[in-house]
Amino acid sequence: METPGPLKRAADAVIDALTDETSRPEAKVPGAPGAEPPPVAEPTEPRAPLPPSPDQRAPAPLSATGRDGGAVDDVRAQNGGFLTTANGTRLPDSDHSLKAGPRGPVLLQDHHLREKITHFDHERIPERVVHARGAAAHGVFRGYGTAAGVSRAAFLAEGVETPVFVRFSTVLGSRGSADTVRDTRGFATKFYTAEGVFDLVGNNIPVFFIQDAIKFPDVIHAGKPHPDREIPQAQSAHDTFWDFVSLHTEATHHTLWNMSDRGIPRSYRTMEGFGIHTFRLVDAGGATTLVKFHWKPRLGVHSLVWEEAQLIAGTDPDFHRRDLADAIEAGAFPQWELGIQTFPDTAEQTFEGIDLLDPTKIVPEELAPVQPIGLMTLNANPTNFFAETEQVAFHPGHLVPGIDVTDDPLLAGRLFSYLDTQITRLGGPNFAQIPVNRTHAPVNDMLRDGFHQDAVHSGVAPYKPNSLDGGCPFFAGAGDHAFIEHPTPIAAASKVREAPASFDDHFSQARLFWLSMSAPEREHIIAAYTFELNKCYHQAVKERALLALANIDPYLCAQVAHGLGLPAPQASEPLADPAPSPALSQLGQEWPTEGRVIGIVADPAGDLAQLAAVRRAVLDAGLVPLVIAPTGGELTAEGVDPVPVRRTFATARSTEFDAVLLAGTPAPGLDADGGRDAKAGAPGNPGAPVDPRITLLLAEAWRHAKAIGGWGTAEQALTAAGIPAGAPGIVLGGVGEEVVDRVVGLLAAHRVWDRFPGPSGSAR
């Protein structure tokens, strides 16, 4: 029987994971740091290394040239039960340097010391200039076959399953920055197809700040920390960013998206992805279609509110990467549909008056619906962050037959820049041989030598033509799945440093985005501009930014100007009058709730049997319950299985929960003292009915428009927090399981926006 290849093995693993209920640990809360629980005492009996955790997967065990030897997935992991040198020599000690006597000098001949320290000194590689802060996961993409009419790419055919590796990231921050800053997010997908690697390297915003790649160093230099003080980190609320975007008005559209809720996503799992550029698809007969790629999250698009994002940056700067890893570990596998907007490939390369080569423009989905062409499921965490997430190398030029580029001037620069970047970061031209980057297709490239060459090439004739190696390798034709650039006609032209006239419209689509927002979303945009511009030092920068807002909408400009204490300027050009695009708003629909996190505040004096039943109901609904109690450990009562406590009043914060359930009214814990836990505030009434940290948690959840449910004496806790029991999104009942059902129903809309509708404002 033929040994299945890595594509088939990966696909089978995903199918098993999706269909085998044992792979979804219903009662397990994610976050266990190891594959097995540790003993209290240090283990001393030699044994083989522990396997990876069940939620982890390593890159496919292929050779540097894409050869599958049928090796096990952990072929590159540690081997043997004894500590060794890098060359496999067993070591008796790694705590003491070799010295001339216990108190003598360290000897130069200590080869183990030198190897250990030298390797440590070189552990770090240059971080990415942009997208340095990232998180990633393995998964599979399954084609629907609906793209067959526009592309001959094999991985898009019906039922074809392709392993993928996806990396999400922020743009501006360093590797050590926080996850929840206001920023654009990267959404890069590596497809290990049978025809070679295809990289779809995009963002969570469908447009970009610039129209030409030659401006990329400028926008990034403007957004990065000021070069004299190296502050502020991972944010755009400073003078250099706003100085640039207020002068370079083609950035207006992207800036508005960044100031919207899209700039602070709730989770990578609830984030759209876009290819940004227009690509060209080629079908089996050579006909072409222009397309834009979209990733649509199955859980819907959902964002944080600004106060929430700020609190999380301090309490859990790893919030997004933790959420992604925990969801996969819990079996709540994130899913996105890949879709395309299609346009005729005409000589003008425009659609409904929109220039398709302008990366600062979108095509509203109402004009060109997004057609689903496949489903991506992320079902395994990396085994090693550095080897996979940090070393993965994406490149828009990694294309496969059936997918080609267009003349978008931003894309043209990216085709050069990404390749150049990897050579510096990853130590030479052989970065494609790093396991996470290895193609799953056979490689015979005639490329030789260089730093970190892992392939052992045979033959004597790495050139074409040759006869000494039997003429091998041979050129492929279209029938052999060769990548053949589409022969696009090029009009006669002169060399110029110019842009087409259609690129001069910088405000009409920004106004389209504004008009498409709901009332709460508009209020958030106003608040974001007001916050960011108030962080600028120079008055001229603020006044110039208001000029751009005046060309988007007078109400938006007036409200931000009021917050800055400045007069609102008049528009410098006529306001556009586009039809709103409802698809651009995040509100107004309902989505699945799998994997959402529910905080259950326990009352140790309450009914533990009902608490256990509620926890089970939350698990049965596909959500993750985290029980919050005065102390850690377990809650116990006669006749009831122990309930594990995952958060304490001291460690819990509302920001990690999508909704909160109150199992009664917990009295103040012994540590509810401002001297020990500042969240408890100043000394209060010793007879207060509820722990002050729970009052704070409820007040925050209320402000952030989250659903709150309770039973028993829960209404007392709401009263203590100043929350009306009959307010929108407050669910009280006598039976906890019924409360859970109603709260889960509210979660389908992500937040209870009726609680804070806000003024609608004038939009026209």
Answer yes if at least one residue in segment 450-457 is free of Cβ contacts under 8 Å to residues at least 12 places away in the same chain and in contact with a Lys or Arg (Cβ under 8 Å, 6 or more places away or on another chain), and no otherwise.
yes
Here are the criteria: (1) touching a residue at least 40 places away in the same chain (Cβ under 8 Å); (2) part of a helix (DSSP H, G or I); (3) surrounded by fewer than 23 Cβ atoms within 10 Å (Cβ to Cβ). Tell me which single one Ile328 does not satisfy.
(3)
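Evaluate the following for Thr439: is it among the polar types (S, T, N, Q) and part of a helix (DSSP H, G or I)?
Details: among the polar types (S, T, N, Q): yes; part of a helix (DSSP H, G or I): no.
No, not satisfied.
Of all residues in segment 425-447, which are farther than 11 Å from Val392 by Cα, hydrophobic (A, V, I, L, M, F, W, C) and open to solvent by less than 30 Å² (accessible area, probe 1.4 Å)? Spell out how you get there, then give the answer.
Initial filter on segment 425-447 (farther than 11 Å from Val392 by Cα): 427-430, 439-447.
Next cut, hydrophobic (A, V, I, L, M, F, W, C) only: 441, 443, 446-447.
Matches in segment 425-447: Ala441 only.
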Which residue is most open to solvent (accessible area, probe 1.4 Å), if the candidates are limited to segment 61-103 and must be assigned to a strand (DSSP E or B) and within 20 Å of Thr439 (Cα to Cα)?
Asp68
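How do the helices (runs of 4 or more DSSP H) wholly within segment 677-758 filter down when requiring 3 or more residues that are under 15 Å from Arg596 (Cβ atoms) and open to solvent by 30 Å² or more (accessible area, probe 1.4 Å): which remain?
Hits in segment 677-758: 736-747.
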Any pair with Cβ under 6 angstrom, 6 or more apart, that starts in segment 310-325 at a residue that is closer than 19 Å to Phe165 by Cβ and ends at one that is part of a helix (DSSP H, G or I) and not small (Gly, Ala, Ser):
His320/Tyr268; Leu324/Tyr268
Give just the number: which of (1) assigned to a loop (DSSP other than H, G, I, E, B); (2) modelled with pLDDT under 95; (3) under 31 Å from the mean Cα position of the chain (by Cα) does Leu468 not satisfy?
(3)
Given the structure, is Phe385 of a type in the set (Phe, Trp, Tyr) and open to solvent by 40 Å² or more (accessible area, probe 1.4 Å)?
yes
Please work out if Ala568 is open to solvent by 20 Å² or more (accessible area, probe 1.4 Å), part of a helix (DSSP H, G or I) and not hydroxyl-bearing (Ser, Thr, Tyr).
no
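Which members of segment 268-285 meet the condition of being assigned to a loop (DSSP other than H, G, I, E, B) and either buried (at least 21 other Cβ atoms within 10 Å of the Cβ) or in contact (Cβ under 8 Å) with a residue 12 or more places away in the chain (or both)?
Correct list: Met271, Glu272, Gly275, Ile276, His277, Thr278, Asp283, Ala284.
Quick check on Val181: is it β-branched (Val, Ile, Thr), outside any loop (DSSP other than H, G, I, E, B) and within 24 Å of the chain's Cα centre (by Cα)?
Numbers: β-branched (Val, Ile, Thr): yes; outside any loop (DSSP other than H, G, I, E, B): no; within 24 Å of the chain's Cα centre (by Cα): yes.
Criteria not met by Val181.
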Being buried (at least 17 other Cβ atoms within 10 Å of the Cβ) and charged (D, E, K, R) is the filter; apply it to segment 392-424 and report the residue that is nearest to Pro500 (Cα to Cα).
Asp408
When segment 636-651 is checked residue by residue, the ones that are under 26 Å from Asp323 (Cβ atoms) and open to solvent by 10 Å² or more (accessible area, probe 1.4 Å) are Pro644, Val645, Arg646, Arg647, Thr648, Ala650, Thr651
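The values are calculated or read from the model by the stated rules, or taken from the named source; none is laboratory data. These numbers come from a predicted model, not from an experiment. In this analysis, Cβ positions are derived from the backbone assuming ideal geometry, glycine residues included, and neighbour counts consider all displayed protein chains. Note: areas computed on protein heavy atoms with side chains; ligands, DNA, RNA excluded. Shrake-Rupley method; radii C 1.70, N 1.55, O 1.52, S 1.80 Å.
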